[in-house]
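> Below is the structure I would like to discuss, written out as structure tokens.
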Amino acid sequence: MDLKTPLYDAHLEAGGKMVPFAGYTLPVQYKDSGVIKEHLAVRNQVGLFDVSHMGEVVYEGKDALANLQYLLTNDFSNLEIGRVRYTLMCNENGGVIDDLLVYKCSEEKYLLVVNAANRAKDVAWMTAHLFGEVEFSDQSDQFVQIALQGSFAKEIIAKLTKEEEIPKKYYSFTEQANVGGVTCILSRTGYTGEFGYELYCKPEDGLTLWHLLVETGQEYGIIPCGLGARDTLRLEAGMPLYGHEMTEEITPLETDLGFAVKMKKEDFIGKQGLLDKGEPKITRIGLQLTDRGIVREGADVYFKGNKIGQTTSGTMCPFINKACAMALVEKGIVEIGSPIEVEVRGKKITAEVVTIPFVKK
């Protein structure tokens, strides 16, 4: 039986088409809008997402930082309180167990946000690698997470929150913000390529906060958005998705996430594995069709008749109105502008290599 988020009733009221996803029943789209309209609302106005299926875990104690330094690929020794940092969590071979966000709440307390489908796996891995004076807790069921994304998100939050409680910088947050009377973590983060916030509150406050944001956002054209638009938005923004652009067999360096891997750190799980592999032999590219059709994941990619890799994600990107995809291909074979072919249902269609992100705003 799939779980329901505390916002389930709000989705039904809004006409959400509910589907199973990562152990939850969530809206893929809403009957009065659909994926394209929801996508464009975020790009042009503002949209609202229920992302309460995401997992949240907390490290607290004298050795919390030491645990993160060893467990994760990025460096958190210089992370300031109130800031957020993207990172990977690797296995011993350098493959990606998950990608996640780390929030520094105090010198000895960190909140980590993990992918919903990986929650159980991540918690087991984290628990198995604890050391020293640290308390670890899975607090996923103690949060509702709502993403308010789009250029008018700023105006909506400004109507509900004191100026000094609104995070100003990208990847910063306020741990105890009062948003229209609801206490929540208010974070300048998102997964759409747009300006926006993510809000974390208690489950019992979730519906109140959701309806408050919907009501306040009416004058700005706000609409609820489902999983479909969340995926097309992140792809159009060139953002990788776990299970597609990265897996336990694909390393961060092979999928262009080296910025979040600090090899100069003394040690972390997967460092030796990455060193043993040497220079990556594959890389992530963006491609845009020059032919008719849509490319999905798992399509073979060819250059001058030779197979060089496979697509990892693909769709029609509504804002730019182009069919785009990301692919993992042999490194050093193609460059921006290179003509390539992608095999779709036994037929090769033409495309060209383009820069990521696909949307330029």
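> So between Asp2 and Lys264, what do we pick up on full extension, going 0.36 nm a residue minus the alpha carbon distance?
Additional length available on full extension: 90.1 nm.
> Largest first, what is the accessible-area ranking of Phe21, Phe136 with a 1.4 Å probe?
Descending order: Phe21, Phe136.
> Let me ask another. Leaving out ligands, DNA and RNA, and with a 1.4 Å probe, what % of the accessible surface on region 77-223 is carbon or sulfur?
Ligands and nucleic acids excluded, carbon and sulfur reach 49 percent.
> Which parts of region 138-164 would a label at Glu219 reach, counting a residue when its backbone N lies under 11 Å from a point 7 Å out along Cα-to-Cβ?
Residues passing the 11 Å test: 156, 159.
> Computed FRET efficiency, Cβ-Cβ of Leu130 and Thr350, R0 51 Å: what is it to the nearest 0.05?
Rounded to the nearest 0.05, the efficiency is 0.50.
> Shifting gears a bit: Give me the 1.4 Å probe accessible area per residue for the chain, excluding ligands and nucleic acids, in Å².
Accessible surface, normalised per residue, equals 44 Å².
> Related question: Quick one: what are the phi-derived ³J(HN,Hα) couplings along region 248-259, Karplus 6.51/-1.76/1.60 with θ = phi - 60°, whole Hz, x for glycine and proline?
6, 9, 10, 8, x, 6, 7, 10, 6, 10, x, 4
> Just subtract the alpha-carbon distance of Lys361 and Ile320 from 0.36 nm times their residue separation and send over the number in nm, one decimal.
Net length gain for the segment: 13.7 nm.
> Within region 50-158, list the trypsin sites (Lys or Arg not before Pro) lying in a DSSP loop whose Cβ has at most 13 other Cβ atoms in a 10 Å radius.
Listed in order of number, the matching sites are Lys62.
> For the chain, with a Gaussian network of springs between Cα atoms less than 10 Å apart, report the residue from Asp122, Asp32, Asp231 with the top mean-square fluctuation.
Asp32
> Given the pairs Lys121/Lys322; Lys37/Lys331; Lys162/Lys360; Lys104/Lys264; Lys109/Lys169, which are separated by over 25 angstrom at their Cα positions?
Exceeds cut-off: Lys121/Lys322; Lys37/Lys331; Lys162/Lys360.
> Under the definition of Cα pairs under 8 Å and six or more residues apart, what whole-number percent is the relative contact order of the chain?
After rounding, I find 18 percent.
> Using Cα centres only, tell me the gap between region 11-47 and region 68-147 in whole Å.
A separation of 28 Å, based on Cα centres.
> Here's another thing I want to ask about it. Calculate the length of the line joining the C-alpha centroid of region 204-245 to that of region 287-351, in whole Å.
Taking the Cα centre of each part, region 204-245 and region 287-351 sit 28 Å apart.
> OK, next. Please give the contour-minus-distance gain from Glu155 to Thr183: 0.36 nm per residue of separation, less the Cα-Cα distance, rounded to one decimal in nm.
Fully extending the segment from Glu155 to Thr183 adds 8.2 nm.
> Within straight cross-link reach of Lys159, meaning Cα distance under 15 Å, which aspartates and glutamates are found once same-chain residues fewer than 8 apart are removed?
Hits, sequence-local ones excluded: Glu215, Glu219.
> Let me have the 222 nm mean residue ellipticity of the chain computed from DSSP H runs of 4+ only, each contributing -39500 (n - 2.57), with the sum over all residues rounded to the nearest 500.
Using -39500 (n - 2.57) per qualifying helix, the result is -5500 deg cm²/dmol.
> In whole Å, what are the extents of the chain along the principal axes defined by its C-alpha atoms, from largest to smallest?
Projected onto the principal axes, the Cα atoms of the chain cover 61, 52, 40 Å.
> Hey, got a sec? Which GluC sites (Glu not before Pro) in region 222-274 land in a DSSP loop and have at most 12 other Cβ atoms within 10 Å?
Here the GluC sites (Glu not before Pro) that fit, given the DSSP loop and packing criteria, are Glu249, Glu266.
> How high is the relative contact order of region 55-139, in percent, counting Cα pairs under 8 Å that sit 6 or more residues apart?
Relative contact order comes out at 42 percent.
> Sticking with this structure for a sec: Could you pull out the GluC sites (Glu not before Pro) across region 286-361 that fall in loop regions by DSSP (anything but H, G, I, E, B) with no more than 14 other Cβ atoms inside 10 Å?
When the GluC sites (Glu not before Pro) of region 286-361 are filtered for loop state and at most 14 Cβ neighbours within 10 Å, Glu335 remain.
The values are calculated or read from the model by the stated rules, or taken from the named source; none is laboratory data. Values in this document were obtained by computation on a predicted structure and should not be read as measured data. Ideal geometry is used to build each Cβ from the backbone, glycine not excepted, and the neighbour counts take in all protein chains shown. Just the protein is used for accessible areas: all its heavy atoms, side chains included, with ligands, DNA and RNA removed. Shrake-Rupley method; radii C 1.70, N 1.55, O 1.52, S 1.80 Å.
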